[in-house]
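Below is one structure, written out as structure tokens; comments come after it.
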Amino acid sequence: MAAGYQVLREPLWNKGLSFTPEERKSKNLTGLIPHTIESLQTQCARAMKMIQTRQTPIDKYLYLSSLKDQNVDLFYRLVMDNIRELMPLVYTPTIGDVCLQYSSIYTRPEALYISIKQRKSIATMLRNWPFPNPEICVVTDGSRILGLGDLGLNGVGISVGKLALYTAAAGIHPEKTLPIVLDCGTNNETNLKDPLYLGLRQKRVSTTMQQEFMDEFMAAVKEVYPEMVVQFEDFETEKAFKYLDRYRNTQKCFNDDVQGTGAVVLAGYIGAVDLSGVPLEEQRLVFMGAGSAGVGVAKQLMEYYTRRGLSEQEARSKFWLVDTKGLVTRDRGDNLAEHKKYFARTDNNGLQFRTLEEVIAYVKPSALVGLTATFGVFTESVVRALKASVDGGGLGRRPILFPLSNPLTKAECTFEQAIQWTEGTAIFASGSPFSSVTVDGITYHPNQGNNVYVFPGLGLGAILAKASRVTDEMVYNSADALAKSLTADEIHKGLIYPRIERVREASLVVAREVMKAARRDGVSELPEEQWVEWEEWGDVALMSYIRQRVYDPVSFGDARVRL
Ligand SMILES: NC(=O)C1=CN([C@@H]2O[C@H](COP(=O)(O)OP(=O)(O)OC[C@H]3O[C@@H](n4cnc5c(N)ncnc54)[C@H](OP(=O)(O)O)[C@@H]3O)[C@@H](O)[C@H]2O)C=CC1
Ligand SMILES: CC(=O)C(=O)O
Ligand SMILES: [Mg+2]
């Protein structure tokens, strides 16, 4: 163990003012820090005060980021204990601005930056990562960052942000997380012209060349870190589907935008249907956006229907997908992208519907899901038409309205608009957090339908189960577990997701069910005796195993009950 100053300079060793008298002596810290001993809570109180003095979300982010670089335990204790206030800073919406400005605000490395020019040394770069045996990586090529488009290398911020939540929301040790950006060029002219841009100054390479690069990357991962789970994040549509299909049967990986989003929306949908007064079989869903998230979500919801006894045909018929050209139909006359074909309608009798208003008038949906990355496409007339089509089915019925695009500047509508235009009846979930709204003395609370409720638990479950693959059953069960994780109080309050303060508790439940699904699918490589023991003692024993393995920073002087 290094002594003195070096201990204070190493973020994973530094405890700030929480070093005990014995540690201060043994590590030669005496005099290098103030004599006072403080608990993590006291240090958190100081940090919160500092955050409040910062004016803009980016300034607050920079303060937090610098804190993470000085004292990892303090950073995570702070985020865990103040998740409602701080998650929007380390994640969406602020992380969107961070990515937009990443090259300008860059101060120090925090990820692996792998450029296609260095493709011959991917394995070496992976080995250069200073911490041994990472368990989870989030990898992006920056080609579709949130709803902000192609940000190139600057998209690395999303890998960093998602992994901070793996730790805060699921307790994966920070040392075991690995953010990666694969730099294949960018088509973003602003970045290419920016003298400070840190990425390759060239247009994106061809699909074929990137495919070869991905193959090399995934092979290097298998060679260097065979146990690591790979989360694909924010790859543009075609690549999102293609890479998932290509690697999912041979490596431990999943796509967060397709599968994580699918699972989180399914969990919310299960709760929303209960509140809506429209029975599951009568629900009719319009999806605005037929990209990686839209199709991923539709497929996951369809799975729910088929597990409830509907045939594939019946289940598929509940979904109407809309893209920039209107309702997706087989006979629309354009060359439909492969991923859109499955849900393309064939029952439209040659009719085509260009606008969302036309689609709503035709379908009379009970639920409207937005995954377009386009602000404001749920206009007043659209939302009022949705409400009218639900009202038509009987009094007291409530529309399901999920504008899920990120960050807030891309949301299809705001919470306030949803409340106003539906007279407070909308069952609402958005991708980024909106504040509560009070109208005529009634306060309405929004839900945040974001894959943050799924990926941390899904990843943790896959790691702890030593799963050789991430199977559909594991993904489906993450949704099921999340839906069942609400408390009576949350259900009573009309919520469809656990309060964000409980995201960690919910993630551990998700992880437990993911582990069990891995076992059922025969992909868990844990010893048989271990499973026999859990099967004998049940969920309590399994949960206790999980809790013993999660990171939960505490300090000398803390007297509190931990998860
Ligand atoms: N809440 C959450 O947890 C998550 C939210 N998201 C958000 O979802 C959004 C979309 O992501 P993703 O699916 O990966 O993106 P894609 O680029 O794959 O898909 C976008 C889709 O939206 C359609 N679209 C865009 N503008 C319009 C418009 N004006 N009218 C109708 N359709 C439109 C596109 O049509 P076309 O095909 O014709 O181009 C395309 O089908 C992003 O903002 C992302 O942040 C994603 C994952 C998780
Ligand atoms: C949340 C997320 O994964 C996205 O917006 O892409
Ligand atoms: Mg994403």
What is the local net charge at TYR342, summed over the other residues whose Cβ is closer than 12 Å to its Cβ (Lys, Arg +1; Asp, Glu -1)? +4
Taking 8 Å as the Cα distance limit and 6 or more residues as the minimum spacing, I'd like the relative contact order of region 287-337 as a percentage. 40 percent
GLY262: net charge of surrounding residues, Cβ under 11 Å, Lys/Arg +1, Asp/Glu -1, itself excluded? -3
When the Kirkwood radius is taken over all Cα pairs of region 391-465, what Stokes-Einstein diffusion coefficient follows at 20 °C and 1.002 mPa s, in µm²/s? 154 µm²/s
Check each of the trypsin sites (Lys or Arg not before Pro) in region 1-103 and keep only those in coil by DSSP with at most 16 other C-beta atoms within 10 angstrom; list them in order. ARG54
Yeah, region 478-563 with a ≥ b ≥ c from its alpha-carbon gyration tensor (a/c under 1.5 is rounded, else prolate when a/b outruns b/c, oblate otherwise) is oblate
With everything on Cα atoms, drop me the angle between helix 503-520 and the longest principal axis of the chain, reported from 0 to 90° to the nearest 10. 80 degrees
Tell me the GluC sites (Glu not before Pro) within region 367-451 that lie in a loop according to DSSP and have at most 14 other beta-carbon atoms within 10 Å. GLU423
Projected-area mean, region 259-449, by convex hull of Cα positions, square nanometres: 10.1 nm²
Could you state the per residue volume, in Å³, of the convex hull enclosing the Cα atoms of region 89-235? 101 Å³
Kindly provide the helix-only [θ] at 222 nm of the chain, computed as the sum of -39,500 (n - 2.57) over DSSP H runs of four or more divided by all residues, to the nearest 500 deg cm²/dmol? -13500 deg cm²/dmol
With the 8 Å Cα cutoff and a minimum separation of six or more residues, the chain has a relative contact order in percent of 14 percent
Top to bottom by accessible area (1.4 Å), largest first, where do ARG519, ARG108, ARG308, ARG284 land? ARG308, ARG284, ARG519, ARG108
Solvent-accessible ranking of ARG499, ARG354, largest area first, probe 1.4 Å: ARG354, ARG499
Under 14 Å from the Cβ of MET214, count the other residues' Cβ atoms, weight Lys and Arg +1, Asp and Glu -1, and hand me the total. -2
For helix 156-170, what angle does its Cα long axis make with the longest principal axis of the chain, in degrees from 0 to 90 and rounded to 10? 80 degrees
Restricting region 1-101 to GluC sites (Glu not before Pro) in coil, as DSSP defines it, with at most 11 other Cβ within 10 Å: none
Order of exposure, largest accessible area first, which applies to LYS193, LYS516, LYS242, LYS387 with probe 1.4 Å: LYS193, LYS242, LYS516, LYS387
Sort out for me the Cα centre separation of region 229-270 from region 129-191, rounded to whole Å. 15 Å
Mind computing the radius of gyration and Dmax over the alpha-carbon atoms of the chain? Å is fine for both. 23.8, 82
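The values are calculated or read from the model by the stated rules, or taken from the named source; none is laboratory data. Quick caveat: nothing in here was measured; it's all calculated off a predicted structure. Neighbour counts run over all protein chains shown; Cβ positions are idealised from the backbone, glycine included. Heads up: the accessible areas ignore ligands, DNA and RNA and are worked out on the full protein's heavy atoms, side chains in. Shrake-Rupley method; radii C 1.70, N 1.55, O 1.52, S 1.80 Å.
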